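To keep things clear, I will list the structure first and then write my remarks on it.
The values are calculated or read from the model by the stated rules, or taken from the named source; none is laboratory data. None of these values were measured; they are calculated from a predicted model. Please note: Cβ atoms are built from the backbone with ideal geometry, for glycine as well, and neighbour counts cover all protein chains shown. For the accessible areas, the whole protein counts, side chains as well, though only heavy atoms, and no ligand, DNA or RNA atoms are used. Shrake-Rupley method; radii C 1.70, N 1.55, O 1.52, S 1.80 Å.
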Amino acid sequence: MEYLDFELPIKELEDQLDKCQLIGQESDVDVSDTCKQIEQKLEETKKQIYGNLTAWQRVQMSRHPNRPYTLEHITNLTDGTFLELFGDRNFKDDKAMIGGLGKINGQSFMIIGQQKGINTKMRQLRNFGMANPEGYRKALRLMKMAEKFNIPVLTLIDTPGAYPGLEAEERGQGEAIARNIFEMARLKTPIISVIIGEGASGGALGIGVGNKVFMLENTWYSVISPESCSSILWRSWDYKAQAAEALKLTSFDMKEQNLIDDIIPEPLGGAHFDRETTFKNVKEYVMKAFDELKDLSTADLVAQRMDKYSKMGQFQE
């Protein structure tokens, strides 16, 4: 298990507990009371730390190397019934954007999401979850297929942003994302979006226009990352924690501003501490949202989605 800087007090207590239990196993000394005291202190420390996370700490939690990524979510949500589909039928298959058909509780879904990769080699293959234009065009192709066969769409968002390279711009990165937003707004099938990690800029919004939008508790959603915001405003990355607070990017900020529909709770310590509970919670929210949307006509689905985004934001004349 890897620990973030603010989690080090938890690591120290867990190490103490392991040593205490080891002493009890290897000797005749009764250390049960001592172990129990350490366990109680550990639980209190966890509640104190995770109950008072700052915006920047939640950003760090969303990037935790042990956090489950899109493919792991898909595998557990669909119970292994996922059939991956490839290619945008124009340029090539983008490994950062995955999509395909899967069944959740017997209901077919077209599931689309960004995959970061679980080690250095896989992260390079997946381009660290930063999709090129062909990735967004593949996503749109699969959404259109779902619309044709009246299959609901589920998108899982986890990206530091769309790939900003020269070749991506040459192939129309901006146009591909804008086209997806335009087409998703009027897609004639239910769309449910879940932010499972990072939700950065147009890279997230390119597959994030939904009838229902949820965020896992320790995730973020913003037009720019705290580091990039800090480098623009302060000419330094040293102010990223201040930028994170100012951007109002946490799930609680998003819910307060009515930019998302609900927050999916995570186990104490984050999604990676209890994966089974995390997947169970995501599945419950997805199926509840589908039950609310499945009986709506196509016209009502589109109208609900349009109305949802039209109401966002405030303005004064």
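Values as computed for the structure displayed
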item: Within the chain, helix-based [θ] at 222 nm, where runs of 4 or more DSSP H residues each add -39,500 (n - 2.57), nearest 500; result: -14500 deg cm²/dmol
item: Residue with peak Gaussian network fluctuation, the chain [Cα springs, cutoff 10 Å], from Trp237, Trp56, Trp220; result: Trp237
item: Of Leu156, Leu205, Leu17, the one that fluctuates the most in a GNM where the chain has Cα springs shorter than 10 Å; result: Leu17
item: 20 Å binning of all Cα-Cα separations within the chain, expressed as whole percents from 0 upward; result: 31, 54, 14, 1
item: Spin-label pair Asn119/Lys19, simplified geometry with 7 Å Cα→Cβ offset, distance in nm; result: 3.2
item: Per residue, in Å², the accessible surface of the stretch 247-286 once ligands and nucleic acids are set aside, probe 1.4 Å; result: 46
item: J(HN,Hα) series, the stretch 231-245, from Karplus relation 6.51 cos²θ - 1.76 cosθ + 1.60, nearest Hz, glycine and proline x; result: 5, 7, 7, 10, 6, 6, 7, 5, 9, 4, 5, 5, 4, 4, 5
item: Per-residue ³J(HN,Hα) for the stretch 121-131, Karplus 6.51 cos²θ - 1.76 cosθ + 1.60, θ = phi - 60°, Hz, x for Gly and Pro; result: 5, 6, 5, 5, 4, 8, 6, 6, x, 9, 7
item: Accessible area expressed per residue, the stretch 1-77, with surrounding protein chains retained (probe 1.4 Å, Å²); result: 59
item: Residues with amide H under 5 Å from that of Lys116, placed H, sequence gap 5 or more; result: Thr70
item: Largest-first ordering by accessible area, 1.4 Å probe, given options Glu7, Glu217, Glu284; result: Glu284, Glu217, Glu7
item: Helix 32-50 axis, angle to the chain major axis (alpha carbon atoms, nearest 10°); result: 30
item: With Cα atoms, 0 to 90° folded angle of helix 133-148 axis to the chain main axis; result: 70
item: Distribution of pairwise C-alpha distances over the stretch 176-317, 5 Å bins, in %; result: 2, 10, 16, 19, 20, 16, 10, 5, 2, 1, 0
item: Once the Cα gyration tensor of the stretch 17-140 is diagonalised, semi-axes √(5λ) in Å; result: 43, 18, 15
item: Long-range lysine pairs (8 or more apart or interchain), the stretch 180-273, Cα under 23 Å; result: 5
item: With every protein chain in place, the chain: carbon and sulfur % of accessible area (1.4 Å); result: 51
item: Restraint check, Lys121/Lys144; Lys103/Lys144; Lys95/Lys116; Lys103/Lys308, Cα-Cα greater than 21 Å; result: Lys121/Lys144; Lys103/Lys308
item: Degrees, to the nearest 10: 8-26 long Cα axis against longest axis of the chain; result: 50
item: Span from the the stretch 269-310 Cα centroid across to the the stretch 66-142 one, whole angstrom; result: 18
item: Tail fraction, Cα-Cα pairs, the stretch 83-153, threshold 19 Å, whole percent; result: 35
